[in-house]
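Below is one structure, written out as structure tokens, with a few remarks after it.
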Amino acid sequence: MRLEEYTVGGVDLRLRVGTRAPVSLAAARPQSGEWIDLGGEQPLVEIIDLAHGRARNNTRFTHSGLGQRLRIVGDPVLSDGEQGQTLTVTQRADDVGLTVRTMLSGSEGIGAVEVRSELENRGDRELLITAASSAAFGFGSGPGGDPGQVRSIEGYSEQLGENRWLRRPVRRSSGVVDFHSSENEGQPGRGAIRAVGRSTWSTSSKLPVGGLVDESTGACVMWQVESNTGWHWEIADDTDGSTMLSVVLLGPTDLENCALITLSPGEVSRTKDAGIAFGSSGFDDAMRELTAHRRWLRRSTLPHWDRESLIYNDYMNTLNGDPSTERLLPLIDAAASIGAEIFCIDCGWYDDTFTDWWATVGEWRPSTARFPGGIDEVLARIRERGMAAGLWLEPEAVGVRSATAKTLPEDHFMRRGGVRICEHERYFLDFRNPAVRSRMSEVFDGLIEDHGVRYFKLDYNTTPGVGYEADGLSLGQALRESGEGYLAFVDGLRRRHPDVTFECCSSGAMRADPETLRHFDLQSTSDQQDFKAYPTIAVGAPMSMVPEQAGNWAYIQPWMTDEQMLFTLVTGASGRMYLSGFVDRFDDRQLEVARRAVDAYKGTRAGLADSWPRWPLGFPEWDDATVVFSRVCSECEYVYIWRRADDGDATIEIPLAMARREVSTVIGGEGWHFELDGSTLTVRSPSAETPTAVEVRIC
């Protein structure tokens, strides 16, 4: 075996190459840092099929039968493209007729790579693939390192409690344990730390972003699996006392997602993409590289990735899906007066019943009962007040009481056993079907061209389960193809209407996976309606998305005190501020409080797309009394502090990313005191008898 070095974008890679084993990653170095030990024992590619299974009997995705058979063909090829560089490694399992081309791509100056593989069946028999990795690699404690100091980064999510993050020892009872293999006849490891995404709510439980950091050396690897249906990542080791871990990243698998791939002779199948970022100076270093990598991916997908317009939406804690001309007109005037630039009419605009819009979605024609003068009267008022007009849609769902449910052909719907899949009074459209995509394109084109809509909030509030039957595909493979068809539909809209902004929502952030996020301008980070609970969600969101994409609600209300209003406005300002609330009922003083905060946010938002996130005091627990977050820009660092309860300590010392000289408040600040000593900010907060928050700029 030999080591070969290549530079891909902003990363130096060492490959372990030979004729007796599969290719593996031995080490990686972001060009601004040091080498990170990746072992070289874990193959770069893991593939499991029904005819060969695993080389060791377990339910992990290491030691795969086909993966062990792969051998390199020729030399790796480095090529330049419009978006960056790509290193292509070709391997083959000759006895099976399988050729695998693995592409590692990157952009200059960014310490991360994008990895995917193409599987080509060059044999004369079908291959039944149950799992194919996007990427696999090792992680070692390295010279002078302590395996006991290796920490995993893991994320948890659910509706109303999104993006909760933990940093904890890998060696733990719920993680990778010392299983005493030496006392058990050398048995290999079979357990792992696992995160699994199922169905189309891809981020409704565990999260597809993860990482490993060695606290003793600073080496850190962060990753993201890019799939809007099933996905899987795992951290494992092989032997008792090993200092080397294995990491495998996968899209949908047969074991977890019923996604069996039938690869006929001559056919090619592509794995889902995965991003891997490297930092040799700790977790902050790796997250800076991962954030830059995400921006690189977005810029290759979105024509206008840097839009920053401020949105007001009538739903959250306001109309709650019950709009009408009478209710909307005063909200539109007030939203414009405090500085909103887009006004989005949320769910219910198509419902004539005034009672239950949930089961009537699908036809997407404006209600005449809610809008006696037509919805164009309301949309015109939005434009007259200097804002772009927006609408909410849920394009993948059809309510069971919608006229559309009765008129669309059966092949438009996801079905199993000849029955339409139904959840919570909703049917699911099959976006594999070109007719489905065409019909929904006509709906959007009409709203854009006939009604002048320039903003869409695309929601997704139900999920169909493991998959559906279509054209002889496995259940999970059909679901995967429908998910890919949906994103192709969105891309088509964007090409035809480059001046329209698209928001992703799914009961908050139940489908905020990296694959989906590449196609949308912003993501609603939660449906959480308690302004005191939201900060934990807001500060966790940049682990999953770039800060300028994190749509954090600021739902200001006339019954709030000034301090409570500023609390929720600071939450909004920590990402992409997203306004709501009964602003039409504000008195002059409240309007002025809102205007000042919105103006302050607008004065700083240009730096959102140039910033990277930090958690100076670590990830917060869900109900911590104090939450701290920062964004680092090229010139300044913005620090956000929320005091939700009095924990007995009004003084906080916050380590900064670098030494600074000046501190000033942006939003809030009354009663707060700040002292800056080089790279440490000491904060004394006022009494937390009521929730209080502040945003400060340190330059």
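Take Glu120 and tell me if it is among the acidic types (Asp, Glu), surrounded by 15 or more Cβ atoms within 10 Å (Cβ to Cβ), more than 20 Å from Ile48 (Cβ to Cβ) and in contact with a strand residue (DSSP E or B) (Cβ under 7 Å, 6 or more places away or on another chain). When the stated conditions are applied, Glu120 does not pass them. Being of a type in the set (S, T, N, Q) and at pLDDT below 95 holds for only one residue in Thr301, Thr291, Thr271, Thr253, and it is Thr301. None of Phe444, Phe428, Phe489 is surrounded by 17 or more Cβ atoms within 10 Å (Cβ to Cβ), assigned to a helix (DSSP H, G or I) and out of contact with any Lys or Arg (no Cβ under 6 Å at 6 or more places or on another chain) except Phe444. Here Trp201 fits the description: assigned to a loop (DSSP other than H, G, I, E, B) and out of contact with any Pro (no Cβ under 6 Å at 6 or more places or on another chain). Among the residues of segment 642-666, just one is in contact (Cβ under 8 Å) with a residue 60 or more places away in the chain, more than 17 Å from Asp610 (Cβ to Cβ) and in a strand (DSSP E or B), namely Trp642.
Looking only at residues in segment 492-546 that are touching a helix residue (DSSP H, G or I) at 6+ places or on another chain (Cβ under 8 Å) and among the polar types (S, T, N, Q), the one that is surrounded by the most Cβ atoms within 10 Å (Cβ to Cβ) is Thr525. Going by what's in this entry, would Ser216 be described as farther than 30 Å from Gln187 by Cα and in a loop (DSSP other than H, G, I, E, B)? For Ser216, the condition - farther than 30 Å from Gln187 by Cα and in a loop (DSSP other than H, G, I, E, B) - is not met.
Every residue, every condition in (1) more than 31 Å from the chain's Cα centre (by Cα); (2) more than 29 Å from Arg190 (Cα to Cα); (3) not assigned by TED's automatic domain parsing to the domain that holds Pro265, yes or no:
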site	(1), (2), (3)
His63	no, no, no
Asp75	yes, yes, no
Asp94	yes, no, no
Val100	no, no, no
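Listed by position, the strands (runs of 3 or more DSSP E) contained in segment 263-350 that have at least 3 residues being under 19 Å from Phe502 (Cα atoms) and of a type in the set (A, V, I, L, M, F, W, C) are 342-345.
Looking across segment 123-143 at every residue that is polar (S, T, N, Q) and in a strand (DSSP E or B), the one that is surrounded by the most Cβ atoms within 10 Å (Cβ to Cβ) is identified as Ser133. Here the condition is being over 20 Å from Thr501 (Cβ atoms), among the hydroxyl-bearing types (Ser, Thr, Tyr) and modelled with pLDDT under 95; of Thr404, Thr360, it holds for Thr360 alone. Checking Val177, Val150, Val170 one by one, the residue that is at pLDDT below 90, over 30 Å from Gln477 (Cα atoms) and aliphatic (A, V, I, L, M) is Val177 and no other.
Taking segment 1-117 and the strands (runs of 3 or more DSSP E) fully enclosed by it, the elements with 3 or more residues that are closer than 21 Å to Leu297 by Cβ and of a type in the set (S, T, N, Q) are at 85-93. State yes or no: is Ala335 modelled with pLDDT under 95 and at negative phi? When the stated conditions are applied, Ala335 does not pass them. All conditions in (1) surrounded by 22 or more Cβ atoms within 10 Å (Cβ to Cβ); (2) among the polar types (S, T, N, Q); (3) under 30 Å from Ala554 (Cα atoms) hold for Ser337, with the sole exception of (1). Looking at segment 3-42 only, could you name the residues that are more than 23 Å from Gly65 (Cα to Cα) and surrounded by fewer than 19 Cβ atoms within 10 Å (Cβ to Cβ)? Result: Leu3, Glu4, Glu5, Tyr6, Thr7, Asp12, Gln31, Ser32, Glu34, Trp35. From the list Val77, Val17, the one residue that fits, being of a type in the set (Val, Ile, Thr), farther than 30 Å from Asp284 by Cβ and in contact with an Asp or Glu (Cβ under 8 Å, 6 or more places away or on another chain), is Val17. Considered as a group, the residues in segment 80-93 that are modelled with pLDDT under 95 and charged (D, E, K, R) include one that is nearest to Val45 (Cα to Cα), and that residue is Asp80. Condition check for Val453 on (1) buried (at least 22 other Cβ atoms within 10 Å of the Cβ); (2) over 23 Å from His412 (Cα atoms); (3) without any contact (Cβ under 8 Å) to a residue 60 or more places away in the chain: one failure, at (3). The residues of segment 621-642 that are closer than 16 Å to Trp165 by Cα, out of contact with any Phe, Trp or Tyr (no Cβ under 9 Å at 6 or more places or on another chain) and not charged (D, E, K, R) amount to a single one, Trp622. The number of residues in segment 639-671 being over 23 Å from Trp622 (Cβ atoms), hydrophobic (A, V, I, L, M, F, W, C) and crowded, with 16+ Cβ neighbours inside 10 Å comes to 5. Each residue in segment 117-174 was checked for being within 14 Å of Ile235 (Cβ to Cβ) and in contact (Cβ under 8 Å) with a residue 60 or more places away in the chain, and 17 of them qualify. Considering every residue within segment 148-171, establish whether at least one is farther than 29 Å from Pro464 by Cα and either hydroxyl-bearing (Ser, Thr, Tyr) or outside the structural domain of Leu70 (by TED's automatic domain parsing) (or both). The answer is yes, given that some residue of segment 148-171 is farther than 29 Å from Pro464 by Cα and either hydroxyl-bearing (Ser, Thr, Tyr) or outside the structural domain of Leu70 (by TED's automatic domain parsing) (or both). If you check Ala693 against the conditions, is it aliphatic (A, V, I, L, M), surrounded by fewer than 21 Cβ atoms within 10 Å (Cβ to Cβ), touching a strand residue (DSSP E or B) at 6+ places or on another chain (Cβ under 9 Å) and touching a residue at least 60 places away in the same chain (Cβ under 8 Å)? So Ala693 fails the test.
Note on segment 256-286: residues that are β-branched (Val, Ile, Thr) and either buried (at least 24 other Cβ atoms within 10 Å of the Cβ) or not assigned by TED's automatic domain parsing to the domain that holds Ser117 (or both) total 2.
When restricted to residues that are outside any loop (DSSP other than H, G, I, E, B), touching a Ser or Thr at 6+ places or on another chain (Cβ under 9 Å) and surrounded by 19 or more Cβ atoms within 10 Å (Cβ to Cβ), segment 144-166 contains 4. Filtering segment 219-250 to residues that are at pLDDT 95 or above and more than 30 Å from Leu475 (Cα to Cα) leaves Ala219, Cys220, Val221, Met222. Scanning segment 231-255 for residues that are more than 30 Å from Asp124 (Cβ to Cβ) and not in a strand (DSSP E or B) yields Asp237, Asp238, Thr239, Asp240, Gly241, Ser242, Thr243.
Cβ separations smaller than 6 Å between residues 6+ apart or across chains give the following pairs from segment 75-87 residues that are within 14 Å of Val17 (Cα to Cα) to residues that are part of a strand (DSSP E or B) and polar (S, T, N, Q): Val77/Thr88. Considering the conditions (1) more than 15 Å from Leu447 (Cβ to Cβ); (2) in contact with a strand residue (DSSP E or B) (Cβ under 8 Å, 6 or more places away or on another chain), Ile345 is excluded by exactly one of them, (1).
The values are calculated or read from the model by the stated rules, or taken from the named source; none is laboratory data. Just so you know, these numbers come straight off a predicted model, no measurement behind them. So basically every Cβ, Gly included, is an ideal-geometry build from the backbone, and we count neighbours across all protein chains shown.
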